[in-house]
Each structure stands twice: as C-alpha cells, then as structure tokens.
Amino acid sequence: VDYVTVNEKAIYRIKITDKHPLIRCDIQGTYGSDEEDPADRCNIYYTYDITVSGLPYPMEYEDGITVYQGSSKTTELIITPDYAGRYVYSFEVSEKNDKTIIDSDSATLIVNGYTNCDEACRNQGYDYGVCRSSCGVDERNIGTRYCLQYAQPEPLMDSVVASTASGGGLGVTSTSEEQKSYTRYCCCGFRELEVMAWTNKNKYETGESVKVYAKVSYTDESNIDAKVYGIMEKPDGTTDDVEFRQVCAIAEITDAIEKVYASDASISTEIGCSNAEGYCNPRCIYVASYEDTQLSGRYELTVYAVTPEGREAKAKLYFSVNEPQLSCDEICGLEGYDYGICRASCEPDEKNMGSGYCEKEYALASDATYALKVCCCGKLTPPTPPAEKIKIQLKRGWNLITLPGEGTLEKGSCERMYGFVYMNSRYYTMEELEAEIGADELMEYLRLHSFWIYAFENCYLEFELEEYSSFTEINPVSGWNFIPVTYDMESMTLESVKGDCTLDKTYMWNPDKQTWEKIGLDYVFGVNDPYQGFISYTKKDCCFGTDQLTPPPLPED
C-alpha cells in the first residue's frame, strides 16, 4: 500500500533477475536482436515486457526490457494521479519470445486530495501547521487528513524469471518488502521561540568541567540563528557569565545527544541527525563549557536566546557539585582490606560498607528505576597446600604414641579405645584433662608429649597434619617425662637430640610384647619410631636439641 497526494508521483522500482541455466557461447548464432554486434555473440540475453492494469492514471515505464543471462536489471514504474481515489492494480512480467514465462503481482495506491497541513492551520487562524506523530500540549490536533501517511521502507517489487509454464527451467517469483505504516497528525499552533538546555550529567565532583548544550527553535520546528548566553548562580549566591558557541557539525551534535544523562534521554527525540542525508534538525545547537566548580552545592543556570528580530526566550537547568568521593576499592584499602568491589550483595567472608561508595546503575533502559549495589571489602588469602594425612598404627592393647604436630585427629579405623595422659605426676583420662585445661591446650600438650591409648583391636588413627612438631620444642622437667618421637628424630641417636638434658633412665614401650624395653644414649630412632613415645627420668628441667658445634680449644702451652 502506498499513499500519495493528487499530482504527486508514485514511483515503484521493479527488479528483474534472469535465472535461466547458463549455456555455452553459440558462435553460429545468438538469441535476441538481429542488429547486435558480433563481439556480443557470447552475451546471451532475453527481453521482457511489463503490463500494468487497474489504474486510470497516466503511467510511465520501460517496454521491452533486456536482461542478460544470469544478471538483473531494475526499472521504474512512475504513476502520476490527477484525482483522489483508491485503486488495487496489478502488473505482469513476461518473456517477449515465450509468453508461457509469466507472473503477476498486485499493489494498492491511495491518493488523497487535501490541502497541506500548514495551509489548513493558517486558514483557521494559527501561525503554522506541521505533521507530527503526536502534537504538543500547546498545539491543536486537527486529525490525519491533512498529512501524508507513509510507510517505510519504500516498496521494492522483485520479479525473478525462473521457469516455463510447462515446468521446464525455473519459474517466476515476486517479493515485496513488508511496509510499516506511521500515523501522522496535523498540529496547529502559534509560533513561539523556545529554548531547551541540558548538561552532560546532573552530578559533578568539585573541579570537574561541566558541558552545557542548548537548542533554540520555533514551535513549528523552523531553524533560527540566535545569540545564546547564560548566567550561572553558584551555591554561595555569586554569579558568572557563560558564553555559548554555535555548533553545526553532525559529529558534535550527535556527541551531545549520546552523552546526555540518562534521566534526560528525551533529548534524543528532540534532536535528530541523519549521517546519510548530511544534516540535523535543528540545523545547529549551542555548546558551552563551565570550569568554576570549586564550590560544592547546587548550581542554577539560566540560558537566554535572542533572535535578530529581538524576540527572547529562556530556560533554566540545575546540577549539583559534590566533594570527590572515595571509590569502593579505595575505602576498603583504608580499612585494611585487600580489595573492594560493588555487588548486589556481599559474600559471607566480606564486609558490607553500604551503598555510599558505589554508583547507582539503571536496571532497565525503559524506565528510571535502578538497583543499588553495596561495597564489599575482602581479604585475599592464597590457597593453602593440601593437607597431609598420617596413619598412626595401634596394636591391640596399650600403645604409647604422640601427635605428629598441629592438625586434626580422627578415629580412623578404630572403633573403641581409651586414652590416658601423664601430667603433674599423675594420670588423667582424655575427658578429664580436656575439661580441666580445654580442647586447644590439650591438643598442644599431646603434640609435645607421648600418651597412652588402649585399643581393643589392631587399628589406626588418622591425623590431618598442618605443621610438624620438632624435638627442639621438647622441654623435659624434673622427674618422669613422657617424650614424643618426632619426625625429625628419625635416623638420629638419643645422644644427638637430648640437648642439655641428663637422662638417668630411658625406656621405650614395645606394643607387640606389651612390655618396657630400656634404651641407651646410643639408640638410633628407626623408620617405625616416629609418632611413638618413650619415657625418661631427669633430675632437673632441661631442653632437647642438638649440641652446638664448636672448634677445638687452643693449646695451653
């Protein structure tokens, strides 16, 4: 469907594509005109005729269209209606020498016989009339009959020769792009000078430059050159003059539209630019830069426009200036954290600093609602190495063992067992000692002392190790001491690890025989000894460790 006015030309473009199967060059003869150049003997072409029916208007179109084999050609159908009406018409494409290759299509042409919108409005006493998709609040809508109703894009009818009626070769197909109609209303109004002004943002930090843009036009959308200036009132009540410059370059105008703050997105509907056509409406806008934003608070700018005839209009805008705000990452750094990030919600191990350090982000472009994000501070701790698990073998009966170091003790394969700890010259059950000194102190004691476990069957305990204990941490006291065999005592003698201790008696427990076995200072701890225990008697407090290596003494004479 196409809409035109009386005496306005309706132009259709018809594209014909030949799709005959390609054949070799026939040097004995050719198809087509008898007057063709012999050099063109290999250019096979066909001639097609167009027939239009159903329209009472004068029409212009090419007759006998030559299309070379496998190529396309576009021709125009020009219709000039001389009176109003609505007509459904058809057009037909056929091959000149084979009328069995034929196809047809139809279209609708609506011709309106009205005067234009501006004339209609002026006849009713208004200053102007313009066709818009919607009228302004100060304009009168007098309907659609004075405006051209149009569809985009323009109709494009493709006629493609494809087959014969008998089924040979390829047939004819026709395609038309779908047309979307736009309703336009005739809007009548009185011609007034208007100014619209906006900034690239509505919040700034102190010292930040403010970009101001202004559009000056009449209410009938006609362009005008004007002198534009502004007066800025600062938070302390003082004022500054603001100078505007005129900008007519499409790139600068487009940039002004794209950088507008989200709440003023309607600016893009007030200013339209077409790079293809090379112009903007309005033709020019006015731009100013304001630098004196050292004071925080609310700024008010009044923009004035004065035409060469002396007509004047003004508009006001407001923006705020705040002290520079710390970012989320900066405030988290000051609080001693490794990072800060804005999220919808914080992780369990992060500290929530609130939404004041995060920018508001619009959730939907279709409305002005937004979701607040909160500042989350956190620590970055590299992953710890995988924990080592050690099995402590127990024999049925009594076992004198120790914990390998710091970590977690688990039952392993043992179902039933009892534990006893020698402390302060007496035995405690595990439960008694834990109740007296606490669970953490008990684990610390068990890694630096050996202790008894009674097992009802052969089994093993499982220990998840975090850090080994060392014999250099062992500090015996006067009397009997339950001493652990640490991992670093393996292959060393008792003499080499006892440090400054004088061990009067030392015994190891044999879990297989369930008996004590006395050992001397020359005893070498084997591969099966770590995490077992032994007892030693000393007359005074001392410390295990290695003897300090010193050079031989100097001779006396």
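Of everything in the stretch 249-281, what is part of a loop (DSSP other than H, G, I, E, B) and either surrounded by 14 or more Cβ atoms within 10 Å (Cβ to Cβ) or modelled with pLDDT under 70 (or both)? Give them in sequence order.
Once the filter is applied, which keeps residues that are part of a loop (DSSP other than H, G, I, E, B) and either surrounded by 14 or more Cβ atoms within 10 Å (Cβ to Cβ) or modelled with pLDDT under 70 (or both), the stretch 249-281 yields Lys259, Val260, Tyr261, Ala265, Ser266, Ile271, Ala276, Glu277.
Could you check, for the stretch 12-23, whether at least one of its residues is at pLDDT below 85, within 16 Å of Thr80 (Cβ to Cβ) and not hydrophobic (A, V, I, L, M, F, W, C)?
Scanning the stretch 12-23 turns up at least one residue that is at pLDDT below 85, within 16 Å of Thr80 (Cβ to Cβ) and not hydrophobic (A, V, I, L, M, F, W, C).
For the stretch 380-398, does any single residue satisfy the condition of being at positive phi and modelled with pLDDT of 90 or more?
Yes, some residue in the stretch 380-398 is at positive phi and modelled with pLDDT of 90 or more.
Examine the stretch 317-336 for a residue that is under 26 Å from Tyr218 (Cβ atoms), over 25 Å from the mean Cα position of the chain (by Cα) and at pLDDT 85 or above, and state whether such a residue exists.
yes
I need a count of the residues in the stretch 212-233 that are surrounded by fewer than 18 Cβ atoms within 10 Å (Cβ to Cβ) and modelled with pLDDT of 90 or more.
4
Pull out all pairs, ordered by first then second residue, where Cβ-Cβ is under 8 Å, the residues are six or more apart or on different chains, the first lies in the stretch 174-191 and is among the acidic types (Asp, Glu), and the second is surrounded by 13 or more Cβ atoms within 10 Å (Cβ to Cβ) and modelled with pLDDT under 70.
These pairs meet every condition: Glu177/Pro155; Glu177/Leu156.
In the stretch 418-446, which residues are closer than 19 Å to Ile474 by Cα and among the small types (Gly, Ala, Ser)?
Matches in the stretch 418-446: Ser425 only.
The values are calculated or read from the model by the stated rules, or taken from the named source; none is laboratory data. Remember, predicted model here, so these are calculated numbers, not experimental data. Counting neighbours? That spans all protein chains shown, and the Cβs are built from the backbone with ideal geometry, glycine included.
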